[in-house]
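Trainee: Would you mind keeping the following structure in view while I ask a few things?
The values are calculated or read from the model by the stated rules, or taken from the named source; none is laboratory data. Given the structure is predicted, the values throughout are model-derived calculations rather than measurements. Cβ sites come from the backbone with ideal geometry, for glycine too, and all protein chains shown count toward neighbours.
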Amino acid sequence: MLSEAEADKWKNAKVSVTLSMPSMDHGEVQVAAEYMEPGVFVAKIIPTMIGEWKADITLETDGKSSTVSYLFSAEP
């Protein structure tokens, strides 16, 4: 179980998802994720076309940020 201070740290964290197609030059779509519970954030983004996509997920807390990338394929 998290302490109250640890839970507050998660509540104050900012998580965003930036979606792009590396093989195309369509730009990016950025969405802020919604806090659900400590360690759980949800962002709903629908890819606009079939193909390979990259989601860059950024977590910001305590003045620091970290980004991870996730590659996936959108299919009909």
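Trainee: Test each condition in (1) more than 12 Å from the chain's Cα centre (by Cα); (2) of a type in the set (A, V, I, L, M); (3) part of a strand (DSSP E or B) for Val17 and report the one that comes out false.
Mentor: Unmet condition: (1).
Trainee: So how many residues does segment 54-69 have that are touching a Ser or Thr at 6+ places or on another chain (Cβ under 9 Å), in contact (Cβ under 8 Å) with a residue 24 or more places away in the chain and over 11 Å from Val17 (Cβ atoms)?
Mentor: Counting residues in segment 54-69 that are touching a Ser or Thr at 6+ places or on another chain (Cβ under 9 Å), in contact (Cβ under 8 Å) with a residue 24 or more places away in the chain and over 11 Å from Val17 (Cβ atoms) gives 1.
Trainee: Continuing with this model, one more query. Given Trp53, Trp10, which one is modelled with pLDDT under 95 and in contact with a Pro (Cβ under 6 Å, 6 or more places away or on another chain)? Please lay out each step first, then the result.
Mentor: Details: Trp53 fails: modelled with pLDDT under 95.
Answer to the selection: Trp10.
Trainee: Which of the numbered conditions does Ala33 fail, given that it passes all the others? Conditions: (1) hydrophobic (A, V, I, L, M, F, W, C); (2) surrounded by 13 or more Cβ atoms within 10 Å (Cβ to Cβ); (3) more than 12 Å from the chain's Cα centre (by Cα).
Mentor: In the conditions (1) hydrophobic (A, V, I, L, M, F, W, C); (2) surrounded by 13 or more Cβ atoms within 10 Å (Cβ to Cβ); (3) more than 12 Å from the chain's Cα centre (by Cα), Ala33 misses (3) alone.
Trainee: Here is a further query. Would you please name the residue that is surrounded by the most Cβ atoms within 10 Å (Cβ to Cβ), looking only at residues in segment 36-55 that are in contact with an Asp or Glu (Cβ under 9 Å, 6 or more places away or on another chain) and in a loop (DSSP other than H, G, I, E, B)?
Mentor: Checking each candidate, the answer is Ala43.
Trainee: So Met36 passes all but one of these: (1) closer than 29 Å to Lys9 by Cα; (2) touching a Ser or Thr at 6+ places or on another chain (Cβ under 8 Å). Which condition number does it fail?
Mentor: (2)
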